[in-house]
Structure formats: structure tokens, C-alpha cells
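Below is one structure, written out as C-alpha cells; comments come after it.
The values are calculated or read from the model by the stated rules, or taken from the named source; none is laboratory data. From a predicted model like this one, the values you see are computed outputs, not experimental measurements. Note that we place each Cβ from the backbone using ideal geometry, even for glycine, and neighbour counts take in every protein chain shown.
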Amino acid sequence: MITITFPDSTQKTFESGISGYEIASSISEGLARNAVGIFVNDVPYDLSRPITTDATIRIVTFNDSEGKEIYWHSSAHLLAEALESLYSGVKFGIGPPIEQGFYYDVDLPEGVKITTEDIAKIEQRMKELVKANSPFVRKEVTWDEAVAYFTQKGDEYKLELLDGLKESEITFYTQGNFTDLCRGTHVPSTGMIKFPKILSIAGAYWRGDVSRKQLTRIYGISFPKKDMLDEFVRLKEEAEKRDHRKLGRDLELYLITPIVGGGLPIWLPNGTVLRRTLESFLRQEQIKRGYQEVITPHIGNLELYKTSGHYPYYADSQFDPITVEEEQYMLKPMNCPHHHMVYSSKPRSYKDLPVRLAEFGTVYRYEQSGELNGLSRVRGFTQDDAHIYCTHSQLKQELKNTVLLTQFVFETFGMEVTTRLSFRDDNASKYGGDIELWELSQREIKEVADEMNLNYFIGEGEASFYGPKIDFIVKDAIGRKWQLGTVQVDYVMPERFQLEYQGEDNAKHRPVIIHRAPFGSMERFISILIEHYVGNFPFWIAPVQISVLPIGQAQYDYAEAFTKELFDLGYRVQCDTRAEKVNRKIAESEQKKIPFSLVIGAREVETNSFSLRTHGEGDKGTISKEELLVMFQELLTQRK
């Protein structure tokens with residue numbers, strides 16, 4: 001007999017060799033029907049796999065994040081089985097689950113190209129395989145057996161993967177007529193994957209290497225219930241309406257052109273106004289909170305980044321060094337090392353601390369072309385970076401202050417915020433610094449989160465190489481979650497850069513560094529902001545806030561005089577004196593998503609008033625000049 005401990009700490013005894021499915025059945029028929037996998041001592045198991053020792057278990061369904069991974073991983077195998085049955089000779093790369101769904105990278109036979117017209121055929125074949133309800137069968141094989149199988153099959157991609165698994169346990173999974181190299185875990189059978197859907201087709205270089213062959217990447221998703229799929233499709237259509245790439249083009253916010261380079265956005269006048277308004281908002285808040293602004297160069301000596309550890313830790317995501325007069329320079333991958341130079345530029349006393357240095361600093365990362373995506377994934381981006389240098393006794397209060405600032409920023413835009421405490425995992429090679437300082441900083445971060453009653457969860461392995469973080473995850477208007485702002489504790493960089501301050505005891509001490517960026521990347525934040533508001537920006541950040549629309553030439557002088565008055569008051573206003581019908585002017589103002597349009601006819605001139613139209617809502621009636629100015633001022637003050 002073995003003892004099984006459940007998540008609520010209750011225990012039951014079973015015969016050794018019992019399966020996860022049998023344990024689920026002993027609890028309820030519904031759980032057995034919906035279970036997709038089981039975690040045995042935190043290791044994922046197939047439900048059919050026997051459990052032979054005492055264990056703590058957790059049964060997962062599609063409603064659990066781990067359950068979705070298992071479900072979508074199995075769906076990738078279902079897609080591969082469908083492709084192999086439709087396209088003889090197809091070869092397979094990798095097919096992992098992703099945040100929403102799955103993909104499989106495949107090498108199609110010569111002359112075969114899958115287009116959008118083929119999607120229905122692939123989906124239909126997947127549905128047929130669902131009906132076959134084939135079990136997923138796990139089999140342990142030797143490395144030689146695995147090599148022999150894929151050699152006979154002629155799949156060089158699986159053979160290359162096997163090269164890195166010589167010392168590992170090798171497992172195959174088979175469902176129906178398809179066998180794949182896979183660690184698992186999988187659902188019991190294909191019949192559980194009720195509603196599969198192909199989403200898109202793209203290209204992807206094998207193993208992300210642009211010098212290797214480009215494979216066909218097929219994205220898909222699946223659900224156990226039709227209403228789940230319907231809701232996903234609805235939200236996907238809504239997301240497409242909000243796509244910042246299309247809205248950015250329509251609203252003339254930014255430009256990305258291959259002549260300049262992929263992932264290098266140019267901010268157009270409207271986008272520049274939006275960005276500068278956001279920067280001004282945060283800059284004012286930072287000044288109130290005791291930050292000093294600095295400006296640092298776009299490149300730096302390679303030795304600077306070797307000292308910080310960014311090179312070679314992130315060598316794969318950085319542009320190659322540039323050699324100038326026998327010295328090597330790099331496009332700046334991070335602002336941090338430059339700020340450390342500012343701190344160390346003169347002696348510091350405990351009386352000077354905390355020192356809070358802020359910068360809207362542009363940095364550069366090498367992203368592969370297939371990963372670039374509008375403003376959300378770029379090669380040059382600006383961080384609202386700040387570094388706080390403080391004593392250990394000041395650390396917790398400074399952390400609380402940065403958390404409050406970050407929460408204030410996201411609440412201003414109506415975004416719901418949760419937090420992740422990003423801690424290190426057991427892979428010591430990923431991290432720098434002393435383990436005791438890591439444990440101290442992780443404990444301090446958790447204490448701050450508890451004292452502030454933050455809604456948080458812990459993400460092991462999500463820490464930066466130099467310290468743990470508080471990462472802020474925001475939910476947008478249609479429920480999508482984005483990791484944006486971050487607050488990081490750093491005991492490593494003070495050692496690397498030999499940063500010091502003179503304490504009350506006249507001895508030298510190391511400061512603690514807090515890295516902080518509420519927006520994170522300005523480009524990524526604005527991409528999310530565009531989609532959050534569908535381009536219908538609140539009055540206070542709208543690139544053009546007011547459109548003045550005279551009906552005819554007789555109203556031009558009145559319209560232009562009021563436009564100047566609004567401009568002098570600091571509003572972003574435009575006056576349309578083109579010889580166009582007013583309905584055309586109104587329609588164009590709507591298309592540009594300008595919050596307010598002021599229509600001026602003969603009656604409005606006589607009564608010193610305006611016919612007010614609100615974007616998306618239409619005619620709001622006549623309003624006096626005085627009422628209008630009060631309304632605009634309130635919207636600015638309340639940031640609405």
C-alpha cells in the first residue's frame with residue numbers, strides 16, 4: 001500500500017501501481033472525466049502512469065494553467081498527426097504549448113505549401129482524429145532505439161534534438177498512427193480535444209537561427225467546450241479591431257519602414273505628442289517624489305557592460321560590438337551601468353541617500369525578424385528607467401514608494417493590476433551574487449508585498465540575473481494580461497561597480513540598488529494603451545483633443561479666434577477651414593478619434609456658443625464658451 005497526500009493535506013491509502021485516473025475516479029466521476037493530468041511530488045504524470053511510492057498529488061483540469069499546457073501540448077501532437085496523414089513525407093521540428101494555444105514547426109515536402117485555403121482541410125482531419133479517440137501511449141526507449149526510429153523515418157530535426165539528449169531519459173508518445181519524441185505530459189486520449197482550431201500560418205527558422213532552414217509554423221488552439229471556443233473567437237475578433245499596428249497607421253502615430261530598419265520605430269507628430277504627454281505625466285510625478293533626471297549616451301565601452309555582467313549574460317540579445325580606434329563599444333542594452341557611473345562620480349555620504357536617478361533612456365536589443373511585432377517587440381526602445389541608491393535601513397520604504405508610484409500609473413489608465421514576485425530557481429548559473437544576499441532580498445520583497453497587502457503570486461526562475469523583482473501584470477479592457485512595470489532589488493551591482501557611501505560610523509558601506517520602471521518600455525506600453533482604448537484616447541493624452549469645425553466662411557474668423565484661445569491655454573486643437581461640407585468634416589474628425597468636435601454656425605457665433613459633439617456618442621447639444629472651458633479643465637485635472 002502507498003499513502004497519497006492531497007492538496008488539502010488529507011491522506012488516503014491505495015494499492016501501489018494505482019494510476020492518476022483511478023485516484024480521480026475514487027474522488028468523483030466528474031473529476032475523472034475532466035482531469036487532463038496529475039502532478040506527483042510536483043512532477044507531471046500522465047493519468048495512466050502508475051504511482052508506486054508515497055506521494056503528494058495534485059490533479060489538474062483544463063481550468064488550471066498547468067492543465068491548459070497539457071491540453072494544448074496534446075493538441076500540438078493532434079495537429080502533427082493530421083499533417084502526417086495529409087502530407088506524406090512531412091518532417092517535424094518542435095510543437096510546444098504557448099500562452100494561448102500551441103504551434104508546430106514543420107518541414108513540408110518539396111513543392112507543398114500550406115495556405116489559408118488549406119486550414120479547413122487540416123481542421124477537418126483533426127476533428128476526425130478526435131472522433132477516433134486514440135489513447136496517448138507513453139513508451140520509454142533507449143537513445144539508440146530513438147535514433148534508429150527517426151533515421152528510418154528520415155527526420156533530421158528529431159535526430160538533431162536527440163543529439164542533445166544522450167544522457168537523458170528518452171520517451172516516445174504514440175496516438176493513432178503518429179509517434180513523436182516527447183517528454184509529455186498528455187491527456188488520456190485525442191477524444192478530449194473536442195474543439196480544435198487553426199489560427200494562422202507563419203515562417204520560423206529552425207531553432208531560431210536565421211542561417212538555418214525556414215520551416216512552416218502552424219498556430220492553433222483548442223478547447224473542451226464549444227462556448228469556450230466561441231468566446232475565444234469573439235475576443236480574438238475584438239483584439240483584431242484593437243490591433244495597435246493598424247490603429248497606429250490609421251491614427252498616424254508611428255512608422256516602421258525597412259529603409260530605416262525592422263523594429264526601429266519612427267514617431268510621427270501625433271505619436272510624439274502622445275509619448276511626450278505620457279513622459280511629462282511621469283516626469284512630474286517623479287519630481288514630486290524626489291527623483292533627479294539624467295541623460296546618458298546611446299553607446300558605451302564594452303568594458304562597462306562586462307563589469308555589469310550584461311555582456312556576456314545577454315550576448316545573444318545584444319548587437320555585436322563596434323570597434324573604434326582599437327576600442328570596442330556597444331549599442332546600449334541597459335541604462336543601469338550608466339547610472340552607476342553617475343552615482344560613483346563623486347563621494348557619497350549616508351546623508352545624501354537615497355539618491356534617485358531617472359531617465360527616459362533608449363536602449364537596443366537584437367530581436368530576430370520573426371519576433372518583431374509593431375511597437376510591442378522592437379529593436380530600439382525607451383525605458384522609463386530609474387535607479388534608487390539607498391541604505392539597507394531605507395530599502396523597504398523605498399520599495400513601498402516605488403510600488404505606490406507604479407500602482408498610481410496603472411490606475412490612472414484604468415488597468416487592473418496584479419503582481420508577481422519573481423524569484424530565482426535552483427539553476428545557480430543563471431544568477432550572479434551571493435546566495436545569502438539573494439535570500440535576504442527575496443525575504444525583504446515578500447515582507448513588503450505582505451505589508452502592502454499586494455495581490456501577488458511567486459514566479460520561481462523569473463528573477464533578473466542580479467536580483468529578485470516585483471513585476472506588475474496589468475489586465476486591459478478585454479481581459480488580456482501584460483507584464484509591464486517592474487521593481488527590482490539589487491545587491492550585485494554595488495559589488496561589481498564598487499559603489500560606496502560613508503556611513504555614520506565613518507566606514508565605507510555598499511548601497512542597495514532598486515531598479516524601477518513603471519511603464520517598462522514606452523513603445524510596448526503605448527502599443528498596449530492603443531489597444532486598451534481602441535485608439536479612443538482620453539482627453540488628457542489624445543494627440544488632438546479638439547476639432548473646431550466652422551460650417552462656412554462666415555464663421556472662419558470666430559472659429560480661428562477661439563482655436564487660438566484654446567491653443568494659448570495649452571490645448572491641442574485644430575481648426576478645419578477647408579471648403580468642405582460640415583458633415584464631411586465631422587466624419588473625418590470621428591475617423592481621427594478626436595475626443596471633441598465643436599461645430600460653429602451662424603447661431604453659435606451670435607450666442608458665443610458651440611454645438612458640441614463627442615467622439616463615438618454624437619451630438620451633445622449647445623454649450624457656452626464658459627461651460628466648455630470649465631469642462632476641458634476638469635478633464636485635464638482629473639486625467640480623463
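Considering (1) within 25 Å of the chain's Cα centre (by Cα); (2) buried (at least 19 other Cβ atoms within 10 Å of the Cβ); (3) not hydroxyl-bearing (Ser, Thr, Tyr); (4) not in a loop (DSSP other than H, G, I, E, B), the lone condition that residue 316 does not fulfil carries the number (2).
Counting only residues that are part of a strand (DSSP E or B) and β-branched (Val, Ile, Thr), which one in the range 476-492 is farthest from residue 454 (Cα to Cα)? First the steps, then the outcome.
Taking the range 476-492 and keeping what is part of a strand (DSSP E or B), we get 481-490.
When the remaining residues are screened for being β-branched (Val, Ile, Thr), the result is 486-487, 489.
Values: 486: 14, 487: 14, 489: 17 Å.
Restricting to residues being part of a strand (DSSP E or B) and β-branched (Val, Ile, Thr), the top hit is 489.
Residue 631 meets each of the listed conditions (1) within 30 Å of residue 285 (Cα to Cα); (2) over 44 Å from the mean Cα position of the chain (by Cα) apart from (2). Among the residues making up the range 353-385, those that are aliphatic (A, V, I, L, M) and touching a residue at least 60 places away in the same chain (Cβ under 8 Å) are 353, 355, 357, 358, 372, 375, 378. Against the criterion of being under 26 Å from residue 248 (Cβ atoms), touching a residue at least 40 places away in the same chain (Cβ under 8 Å), more than 32 Å from the chain's Cα centre (by Cα) and part of a helix (DSSP H, G or I), residue 547 does not qualify.
Of all the numbered requirements in (1) assigned to a helix (DSSP H, G or I); (2) surrounded by fewer than 18 Cβ atoms within 10 Å (Cβ to Cβ); (3) at pLDDT 95 or above, residue 396 misses one, and that requirement is (3).
Looking at 473, 458, 513 in this structure, which one is in a strand (DSSP E or B), β-branched (Val, Ile, Thr), in contact (Cβ under 8 Å) with a residue 24 or more places away in the chain and over 23 Å from residue 416 (Cα atoms)? Can you show your working first?
Numbers: 473 fails: over 23 Å from residue 416 (Cα atoms); 458 fails: over 23 Å from residue 416 (Cα atoms).
When all the criteria are applied, what remains is 513.
Looking at residue 227, is it at negative phi, assigned by TED's automatic domain parsing to the domain that holds residue 74, acidic (Asp, Glu) and out of contact with any Asp or Glu (no Cβ under 6 Å at 6 or more places or on another chain)? So residue 227 passes the test. Among the residues making up the range 57-84, a single one is among the hydroxyl-bearing types (Ser, Thr, Tyr) and touching a helix residue (DSSP H, G or I) at 6+ places or on another chain (Cβ under 6 Å): 61.
Yes/no matrix, rows are residues, columns are (1) under 29 Å from residue 413 (Cα atoms); (2) modelled with pLDDT of 95 or more; (3) in contact with a Lys or Arg (Cβ under 7 Å, 6 or more places away or on another chain); (4) of a type in the set (D, E, K, R):
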site: 545; (1), (2), (3), (4): yes, yes, yes, no
site: 552; (1), (2), (3), (4): no, no, no, no
site: 559; (1), (2), (3), (4): no, yes, no, no
site: 568; (1), (2), (3), (4): yes, yes, no, yes
site: 571; (1), (2), (3), (4): yes, yes, no, no
site: 590; (1), (2), (3), (4): yes, yes, no, yes
site: 593; (1), (2), (3), (4): yes, yes, no, yes
site: 608; (1), (2), (3), (4): no, no, yes, no
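Inspection of the range 104-121 identifies at least one residue that is within 28 Å of the chain's Cα centre (by Cα), crowded, with 16+ Cβ neighbours inside 10 Å, of a type in the set (Asp, Glu) and under 12 Å from residue 220 (Cα atoms). Restrict the check to the range 516-533 and report whether at least one residue is of a type outside the set (Lys, Arg) and assigned to a strand (DSSP E or B). Scanning the range 516-533 turns up at least one residue that is of a type outside the set (Lys, Arg) and assigned to a strand (DSSP E or B). For the range 446-491, the candidate set comprises residues that are touching a strand residue (DSSP E or B) at 6+ places or on another chain (Cβ under 6 Å) and of a type in the set (Val, Ile, Thr); within that set, the residue that is modelled with the lowest pLDDT is 474.
Give the residues of the range 324-366 that are in a strand (DSSP E or B) and in contact with a Ser or Thr (Cβ under 9 Å, 6 or more places away or on another chain), sorted by residue number.
Of the residues in the range 324-366, the ones in a strand (DSSP E or B) are 324, 327-331, 349, 355-364.
Of everything in the range 324-366, those that are in a strand (DSSP E or B) and in contact with a Ser or Thr (Cβ under 9 Å, 6 or more places away or on another chain) turn out to be 329, 359, 360, 361, 362, 363.
Is it the case, given these coordinates, that residue 99 is charged (D, E, K, R) and surrounded by fewer than 20 Cβ atoms within 10 Å (Cβ to Cβ)? Lay out the reasoning, then the answer.
On the way: charged (D, E, K, R): yes; surrounded by fewer than 20 Cβ atoms within 10 Å (Cβ to Cβ): yes.
Here the answer is yes, as residue 99 does meet what is asked.
For the range 69-84, a residue qualifies if it is over 21 Å from the mean Cα position of the chain (by Cα) and either modelled with pLDDT under 95 or among the hydrophobic types (A, V, I, L, M, F, W, C) (or both), and the qualifying residues are 70, 76, 78, 79, 80, 82, 83.
Name the one entry in 402, 382, 406 that is closer than 21 Å to residue 513 by Cα, in contact with a helix residue (DSSP H, G or I) (Cβ under 6 Å, 6 or more places away or on another chain) and of a type in the set (S, T, N, Q).
On the way: 402 fails: in contact with a helix residue (DSSP H, G or I) (Cβ under 6 Å, 6 or more places away or on another chain); 406 fails: in contact with a helix residue (DSSP H, G or I) (Cβ under 6 Å, 6 or more places away or on another chain).
The match here is 382.
Just to verify a result, which residue in the range 25-37, among those that are among the hydrophobic types (A, V, I, L, M, F, W, C) and closer than 20 Å to residue 133 by Cα, is surrounded by the most Cβ atoms within 10 Å (Cβ to Cβ)? Step through it out loud before you land on a result.
Filtering the range 25-37 down to residues among the hydrophobic types (A, V, I, L, M, F, W, C) leaves 27, 31-32, 35-36.
Then drop every residue that is not closer than 20 Å to residue 133 by Cα, which leaves 31-32, 35-36.
Values: 31: 15, 32: 18, 35: 24, 36: 27.
Filtering the range 25-37 for residues that are among the hydrophobic types (A, V, I, L, M, F, W, C) and closer than 20 Å to residue 133 by Cα, the one surrounded by the most Cβ atoms within 10 Å (Cβ to Cβ) comes out as 36.
Within the range 72-84, the set of residues being closer than 15 Å to residue 137 by Cα and of a type outside the set (A, V, I, L, M) comprises 73, 74, 75, 77, 81.
Conditions tested, residue by residue: (1) within 18 Å of residue 624 (Cα to Cα); (2) outside the structural domain of residue 275 (by TED's automatic domain parsing); (3) in a helix (DSSP H, G or I); (4) among the hydroxyl-bearing types (Ser, Thr, Tyr).
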residue	(1), (2), (3), (4)
561	yes, yes, yes, no
571	yes, yes, no, yes
577	no, yes, no, yes
597	yes, yes, no, yes
603	yes, yes, yes, no
612	yes, yes, no, no
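Please find, within the range 181-195, the residue that is nearest to residue 45 (Cα to Cα) out of those that are among the hydroxyl-bearing types (Ser, Thr, Tyr) and touching a residue at least 60 places away in the same chain (Cβ under 8 Å). Per the criteria, the residue is 185. The strands (runs of 3 or more DSSP E) falling completely within the range 195-304 that include 2 or more residues that are closer than 30 Å to residue 496 by Cβ map to 299-301.
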